[in-house]
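The values are calculated or read from the model by the stated rules, or taken from the named source; none is laboratory data. Keep in mind that what you see is a predicted model, and the values were worked out from it rather than measured. We place every Cβ from the backbone using ideal geometry, glycine too, and count neighbours over all the protein chains shown.
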Amino acid sequence: MNNKKKLILYDNNNEFEYSKSKSDIDIKFNRVAFIFFIFFVISVIYSIHLIHLGSIKYDGLKKDRIKVFNNLQRADIIDRNGNFLARTVSSIDVGINPSEIIDSKKLLLNLGYIFPNKDYESIKLKIKNDKFFWFEKKISDENYEKIMMLGDKSIKSEEKLTRVYPQKNLFSHIIGQIDDDNKGISGLEKSLDEDLKQNKDKIQLTVDKDIQFLIREELIKYNEIFRTKGSAAILINVNNGEIISLVSLPDFDPNQRTNITDENYINRVTKGVYEFGSVFKTFTLAAGIHENIVEPETQFKNLEKNISCGKNTISEYDKEIPSNLTAEQILIRSGNIGSVRIAQSIGLEKFKNFLNLLGLIKSIEFDIEEVGIPLSFRWGKCKLVTTSYGHGITTTVLQLANAYSIIVNGGFNINPTLIKKKSKITNKKILNNDVSKKINPILRKVVTTKEGTASLANVNGYQVGGKTGTAQTSVIGGYSNKKINTFASVFPTSNPKYVLIVMLDEPKTNSEYIYNYRDGSGIKYKGTPYNTAGWTSVEVAGQIIEKIGPILATKYNEVY
């Protein structure tokens with residue numbers, strides 16, 4: 001049977017015949033369905049692929065973000081009592097995209113209520129530039145909530161990890177800084193950069209926040225009184241080398257991440273290299289005792305008032321100093337000629353070796369990289385003469401503190417450190433027993449006797465001893481009238497535990513300052529009579545010991 005139907009149309013003489021087949025309709029429908037199915041399958045596969053790619057991209061971004069956060073992590077730094085000195089915290093920065101601002105007047109008005117102290121004239125200019133800018137970095141939680149409540153889509157926020165220094169300037173020369181790439185560029189942030197990035201445990205230092213604060217406050221106060229260029233102080237435990245405080249002024253706020261190029265901001269304790277003058281006379285006498293050449297009672301008679309060495313003339317600063325002195329009296333009265341005679345009796349090689357033994361001539365290894373290198377010189381007969389009283393030889397405040405610690409602690413070598421050690425270190429004995437036993441009582445007499453140069457440091461109850469040093473600053477071709485005034489103190493002298501060095505850089509006299517003697521006499525003196533360490537650095541050290549002594553006694557159970 002034929003399934004075809006015929007349709008015949010007549011148009012004048014033309015005849016058109018159309019035949020419709022049922023099987024053709026079925027075939028065409030099946031083709032369309034098949035094509036639709038193919039496109040459907042392809043679209044499903046494509047959608048699944050897009051979803052898969054999207055998830056990979058998201059996971060990748062998430063991993064990248066975690067990686068970035070991990071790269072910004074740094075271990076916290078704490079003081080010996082657990083106070084935070086440096087921390088890595090999460091913070092939020094808020095910016096504005098001007099191209100998305102709908103109503104700038106309304107936005108600025110609302111921002112003005114939240115941040116009234118902003119410079120909105122400069123912000124208006126930034127908005128006109130039509131470029132994204134950061135409006136507030138490290139925004140507080142309270143202000144972040146307020147600003148996001150504005151609901152303005154032009155406001156953008158970004159969470160970051162940031163390094164903060166809760167103590168601000170207090171430990172700036174110790175902690176140092178990092179750059180915007182999380183790389184340490186100074187202080188412990190630089191020298192411990194890799195350890196800090198590993199972010200395992202907190203790094204504990206030997207310093208004490210409270211004592212650091214008190215010492216810094218006194219230095220700031222006396223910088224103004226004596227109009228100094230700068231100053232420095234270090235407090236060190238003579239038995240284990242732990243540095244309790246290290247202050248150098250001027251200092252800076254590491255939170256600002258300022259590029260400091262002014263040389264006056266140098267770390268005067270570790271990096272600055274100076275001539276310290278008469279504080280070296282302690283080493284001269286100690287060398288004589290160590291070599292069994294001189295005793296405290298050794299007599300030096302007919303000491304000249306002036307001697308010549310090459311083109312230089314050496315004289316006593318005190319014209320009243322006697323011509324006959326014992327070795328002990330030479331140190332107490334800070335005699336130049338007597339110190340020369342002691343050094344000459346020791347000899348050049350032995351004296352040079354002794355200074356090397358104390359680590360004074362070469363650079364010292366330390367926890368931070370900003371360490372000065374003492375100026376080199378050629379040894380000779382005249383150099384032996386001048387170094388005996390601290391002239392023509394340079395070193396750092398850190399090395400001075402280290403050397404005095406060895407002199408007074410029984411002759412044991414120590415390694416000054418800012419990092420709290422987990423295990424006890426055994427120090428090697430490098431000086432014979434007699435050095436500390438004989439030197440310490442003399443240092444005490446420098447403070448207690450009327451002939452001594454440091455009576456202003458005689459703080460009741462702490463048995464302070466020490467030695468003063470007044471030196472002219474060197475310039476090209478000679479020396480200026482500007483001074484470096486230093487006092488190296490030790491306490492208690494009967495059983496030394498601490499060395500405190502105070503150095504004032506270019507101090508001036510003060511005619512209005514009132515000196516109060518601490519010996520119980522009630523004597524007061526108005527005005528600085530001489531620009532020497534005995535009237536400047538000694539006074540500062542005395543004030544410091546009065547402030548920190550009770551804390552040391554309480555925290556560390558010291559008995560004086």
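Brief remarks follow.
- Only one of the listed residues (LEU219, LEU235, LEU246) is crowded, with 17+ Cβ neighbours inside 10 Å and in a helix (DSSP H, G or I). That residue is LEU219.
- Some residue of the stretch 448-463 being at pLDDT 95 or above, part of a helix (DSSP H, G or I), assigned by TED's automatic domain parsing to the domain that holds ILE548 and over 16 Å from GLN543 (Cβ atoms): yes
- Residue pairs meeting the criteria (Cβ under 7 Å; at least 6 apart or on separate chains; first farther than 18 Å from THR386 by Cβ, in the stretch 292-307; second among the hydroxyl-bearing types (Ser, Thr, Tyr) and surrounded by 15 or more Cβ atoms within 10 Å (Cβ to Cβ)): ILE293/SER345; VAL294/SER345; PRO296/THR326; GLU297/THR326; THR298/THR326; GLN299/THR326
- Residue that is nearest to GLU506 (Cα to Cα), among those in the stretch 275-296 that are part of a helix (DSSP H, G or I) and of a type in the set (Phe, Trp, Tyr): PHE280
- Looking across SER405, SER423, SER345, one residue alone is modelled with pLDDT under 95, of a type in the set (Ser, Thr, Tyr) and either out of contact with any Pro (no Cβ under 7 Å at 6 or more places or on another chain) or assigned by TED's automatic domain parsing to the domain that holds TYR317 (or both). It is SER423.
- Cβ separations smaller than 7 Å between residues 6+ apart or across chains give the following pairs from the stretch 337-363 residues that are part of a helix (DSSP H, G or I) to residues that are among the polar types (S, T, N, Q) and buried (at least 16 other Cβ atoms within 10 Å of the Cβ): SER339/THR284; SER339/SER388; VAL340/SER388; ILE342/THR284; ILE342/SER388; ALA343/THR284; ALA343/SER388.
- In this entry, GLY478 passes the filter for residues that are more than 30 Å from VAL435 (Cβ to Cβ), without any contact (Cβ under 8 Å) to a residue 40 or more places away in the chain and of a type in the set (Gly, Ala, Ser).
- Any hit, the stretch 137-148, residues being touching a residue at least 40 places away in the same chain (Cβ under 8 Å), buried (at least 17 other Cβ atoms within 10 Å of the Cβ) and among the β-branched types (Val, Ile, Thr): yes
- Scanning the stretch 322-334 for residues that are part of a loop (DSSP other than H, G, I, E, B) and farther than 17 Å from LYS467 by Cα gives PRO322, SER323, ASN324.
- Top-ranked residue in the stretch 62-114 [being modelled with pLDDT of 90 or more and of a type in the set (Phe, Trp, Tyr); ranked as farthest from SER157 (Cα to Cα)]: PHE84
- Meets criteria (part of a helix (DSSP H, G or I), in contact with a strand residue (DSSP E or B) (Cβ under 9 Å, 6 or more places away or on another chain), of a type outside the set (D, E, K, R) and in the same structural domain as VAL164 (by TED's automatic domain parsing)) for ILE92: no
- Some residue of the stretch 390-401 being in contact (Cβ under 8 Å) with a residue 60 or more places away in the chain and assigned to a strand (DSSP E or B): yes
- Pairs, first among the basic types (Lys, Arg) in the stretch 233-258, second crowded, with 20+ Cβ neighbours inside 10 Å, C-beta under 9 Å, six or more apart: ARG257/ARG163; ARG257/GLN177; ARG257/ILE178
- Residue within the stretch 516-523 that is loosely packed, with under 15 Cβ neighbours inside 10 Å and within 31 Å of the chain's Cα centre (by Cα) present: no
- Failed criterion for GLU506 (all others in (1) in contact with a Lys or Arg (Cβ under 8 Å, 6 or more places away or on another chain); (2) surrounded by 12 or more Cβ atoms within 10 Å (Cβ to Cβ); (3) farther than 21 Å from ALA488 by Cβ hold): (3)
- Residues being assigned to a helix (DSSP H, G or I), surrounded by fewer than 21 Cβ atoms within 10 Å (Cβ to Cβ) and among the polar types (S, T, N, Q) - total across the stretch 168-214: 3
- ALA488 closer than 30 Å to LYS437 by Cβ and in contact (Cβ under 8 Å) with a residue 40 or more places away in the chain: yes
- Every condition in (1) out of contact with any strand residue (DSSP E or B) (no Cβ under 8 Å at 6 or more places or on another chain); (2) part of a loop (DSSP other than H, G, I, E, B) holds for VAL435 except the one numbered (2).
- Any hit, the stretch 183-195, residues being modelled with pLDDT under 95, closer than 21 Å to PHE366 by Cα and of a type in the set (A, V, I, L, M): yes
- Looking only at the stretch 254-274, residues that are part of a loop (DSSP other than H, G, I, E, B) and surrounded by 24 or more Cβ atoms within 10 Å (Cβ to Cβ) come to 4 in all.
- Selection from the stretch 113-167 of residues that are closer than 30 Å to VAL207 by Cβ and part of a loop (DSSP other than H, G, I, E, B): LYS137, LYS138, SER140, TYR165, PRO166, GLN167
- Criterion applied to ILE368, ILE373 was being assigned to a loop (DSSP other than H, G, I, E, B), surrounded by fewer than 17 Cβ atoms within 10 Å (Cβ to Cβ) and modelled with pLDDT of 95 or more, and the one residue passing it is ILE373.
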